Structure formats: C-alpha cells, structure tokens
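For reference, the structure discussed in these notes is given below.
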Amino acid sequence: MLITVIKRDLKCVSHNLSSSVQPIGFFIIITSLFPLAVTPDPKVLQGIAPGIIWISALLATLLALDTLFKEDFVDGTIDQMFIVANSLYVVAFARIISHWLISGLPLILMCLIIAFMLQIPEHSLDALIVSLLLGTPTLSLVGSIGAALTVGLRYSGVLLALITLPLYIPVMIFGASCISADLIGLQWSGQAYLLAAMLVLSITLAPFATAAALRININ
Amino acid sequence: MQKRNSRAWFHRFGSSSYFYRIASRWGPRTGWGALVLMVTGIFMGLFVAPPDYQMGDSYRIIYIHVPTAWMSLSVYVLMALAAAIGLIWKMKVSFHVSRACAPIGAAFTFCALITGSLWGKPTWGTYWIWDARLTSELVLLFLYMGYMALDKAIPDRNTASQATAVLSLVGLVNIPIIHYSVEWWNTLHQGSTVIRMDGPSIDAQMLVPLLITTVAMNLYFVSVLFSRVRCELLNLERRTQWVREVING
C-alpha cells in the first residue's frame, strides 16, 4: 500500500511536472536574492551562506506543503485511500515520503550549484549535503502536520507558514550551524547527530499526528 | 459499580452545566484573591524588599516579569493537557478550557517579553538581545499566535477544537526541543535563582513578594479562564435547557 501510494504520487508529478518544479525555482531565486540585497562580497557571503541556504530551504519546503493533501482531499481521493487501507497512517506516511522525493531531494541536488554561487568552499560540501539530507526529511515530516491541519481551508498558505515555521526553528538552527562549524574549521558531527535525533523523533511521531489531523478533517 | 463511582467526579466535569456552576462560583473568588494578593505582593516588592546590590532598584520588575514568564509556559502545558483530555475522553468542556487558555497565555508571554526588554535596557544596555530565554519566549509567542490563527480560521467549532488540540500537543513536544536548541545556540540570560537543588539563592525578603505575586498571577489566570469558558459555554449551548435556566435566574 505504501509503495503503491508513493508510485501513484510520483506518476502524478511526472504528468504535472511544471507545478512540482516551482518550489525548486523559488529556492534558486531566493538564494540569489541575498547576494543582491546584502552584498556580493565573497567573504561576507560565505559567512551568511549557511543561513541563506537553510532559510530558503524552509520556505521552499513550505511552498510545496500547501498542495500536499489539498487536491486529494478536495476530490475525495484521501477518503477512498482511507477506505481501502483502513488507516490514514499509511496514506500520511507515503505522502510525506513522496513530498520529500519531490521537494527535498531536488533541493539537495540544486544546492551543489547554489553552494558555489554563495562561495562555499568544496571541502564544506559534505557538511552541507549531510545537514540537508538529515534535515529536509524532518521538514517534510513536521510540515505535513500543519498541511493536514489546514487541509479543509480554502486559503491556507499564510496560516500554514504561521503554524509550521516556529516548529522548524530547531532544525534550522542545527542545520545552519552544521555548515557554519565546518566553514570555520570546527567539528560538525555533534550538530549532525542532533539533526539525526530530530529526524528519528519526527519519523516516529509526526505521521501519527498527521493521520490524526487528516481524520479530524475528514469527519 | 465501585469502579464507576470512583471516576464519577472526573466525568462530572464533562457536563457543561456542572462546569458552569463551578466556574461561576470560583471565578469571582479567585479574581478577588488575585487582586488582594497582587496589591500586597507589588507593595512588598516595591517598598519592603531591599534593593539589589548590583542592579539597584531596577530588579523590582521581577515581581511582574518572573511570574508572567512562568505562567506563559505553564499555561501552554495546561492548554495541551486539556487538549489531550479532550481528545482521549471526548470531553467538550476540556476543549473549551484548552481554547480559552491560548489568548491568556499569549498575553502572559507578551508581558514577559515586554517587561524583560524594559529590564534589559538598564542591566544589559539594550532592549533586545538574541539571548536563549528571550528567543524561546518569542518562539512561544509565535506558537500561541499560530494556535489562535488556526482556531479562528476553521469555521466549524468542533473541527477547530480538535485541530487546535493536535497542534497544541505537537507544540508541547516541540517546546523542550526549541528551548534546548536555542539554549545551545546562544545564552546570556542570568541562571535561575529560585528553583535550584541547593535551595533558592535569592534573599528571602525578595523571594516572599515574588511568591505572592506568582500565586496572584495563578489566581488571576483561573479567574479569567473561568469567565472565558463560561462565555463560550453560554454561547455554544444557548439553545439548551440549562442555559435558559441560567439566563432566567
């Protein structure tokens, strides 16, 4: 069931590619706004690059969250899945995985290019990749709760940001400090372990909360 | 039979009319208690307690700052607990309590932030600094605001109370994580001087007014909470028999 739902989601994405790449385009634009607004000076840029990447990643994830359940909720697909699987947990979990595959994974790949534009040296790329690999799934997991809570509302974009962004703060702090630590030559394994811990915690708890929120809205 | 009786006191709180009666009896009493204690505590804090050897008189703002900061967190915990009770035992009154907590808790958080920033000017030399406790208090305010925004956005009351209940539980899990992540991120705030393993390090003459104002804040909270829940109950159940009896005396 899990695999079936993921496959279906990915198929839907391939039919409607342009709307799924929008968050990635948004990510690229946001990151390139910072040098324009702050300074193109490589030294300064390198110092704030971890923050730029992580804030942009939060916003891009948030943008993709709005449509996570909405269309399928409106046309009744989620109801049907609920009837077939008799559990919203599977539906929620599959959705979260496909959300990460669609928004998180391309974002990490895109970061390899963005990193050079923001003057992040090559030896810091591993810290960047590890922090995003451990952090972005947590963003999808925690964000799915907010998406499920607001699924019944017609205009939920700003509300979704309002309730989700505060919950993203710990991930952002450790994700950005993971890269910053490596930039100034410090160990970053501590931050990476904390990100991993948050990922494990959110994998165990978030899908239940998402499923509960979906059930509330279906009733 | 025995078992059912032992839990009866708990289930009685699920009845709107019972809760309304309790709330209208205890709301005014706690309100008056809060007023008396608050005046006493503030008076003792401003005129009886000695000035601090380092901060002089400016420390006296703790008699507002510290109780509101404590309340801001404990109100959130109460809000989440009431939400959990509502979700587990399907008690509607519990949801009303949870939803009534949010604006009061947000107000406490706001007061703690304002008084903290006013206190920061003479002691740290600046109104705002990105210190760990200030930051987590600010995030707490964001959590309250998100809760209230969600509550207002969902038109159906039943759905709204369940959705906000889930959100408050998610927030409850997140609060310690947020707290420790900003703690490790940056800290400047003075350590706790009241709750410590080896007893409070604050002088008794300063501590007593603080405890009095803390109790006053708690009573004030209970009083406001009760009147908010009463309004909510009267509004939602305006077509029922017991409300008509209340209105007609």
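The values are calculated or read from the model by the stated rules, or taken from the named source; none is laboratory data. Since the model is a prediction, treat every value here as computed from it, not as a measurement. Here the Cβ is made from the backbone with ideal geometry for all residues, glycine too, and neighbour counts use every protein chain on show.
Some notes on this structure:
- Residue in segment A:153-164 that is away from chain B (no Cβ under 11 Å) and either touching a residue at least 24 places away in the same chain (Cβ under 8 Å) or of a type outside the set (D, E, K, R) (or both) present: yes
- B:LEU118 being touching a residue at least 24 places away in the same chain (Cβ under 8 Å), exposed (fewer than 15 other Cβ atoms within 10 Å of the Cβ) and not acidic (Asp, Glu): yes
- If only residues of segment A:138-163 that are surrounded by fewer than 24 Cβ atoms within 10 Å (Cβ to Cβ) and not hydrophobic (A, V, I, L, M, F, W, C) are counted, the one that is nearest to B:GLU183 (Cα to Cα) is A:GLY157.
- Residue match in segment A:183-197 (condition: of a type in the set (Phe, Trp, Tyr) and either surrounded by 23 or more Cβ atoms within 10 Å (Cβ to Cβ) or within 14 Å of another protein chain (Cβ to nearest Cβ) (or both)): yes
- Annotation: A:LEU68 fulfils all but one of (1) free of Cβ contacts under 8 Å to residues at least 40 places away in the same chain; (2) of a type in the set (A, V, I, L, M); (3) in a loop (DSSP other than H, G, I, E, B); the unmet one is (1).
- Every residue from segment B:156-208 that is at pLDDT 90 or above and either in contact with a Lys or Arg (Cβ under 7 Å, 6 or more places away or on another chain) or not in a helix (DSSP H, G or I) (or both): B:SER161, B:THR164
- Matching entry among A:LEU199, A:LEU132 (being assigned to a helix (DSSP H, G or I), in contact with a Cys (Cβ under 9 Å, 6 or more places away or on another chain), over 23 Å from B:ALA153 (Cα atoms) and touching a residue at least 12 places away in the same chain (Cβ under 8 Å)): A:LEU132
- Considering residues of segment B:128-162 that are among the acidic types (Asp, Glu) and crowded, with 18+ Cβ neighbours inside 10 Å only, the residue farthest from B:ARG99 (Cα to Cα): B:ASP131
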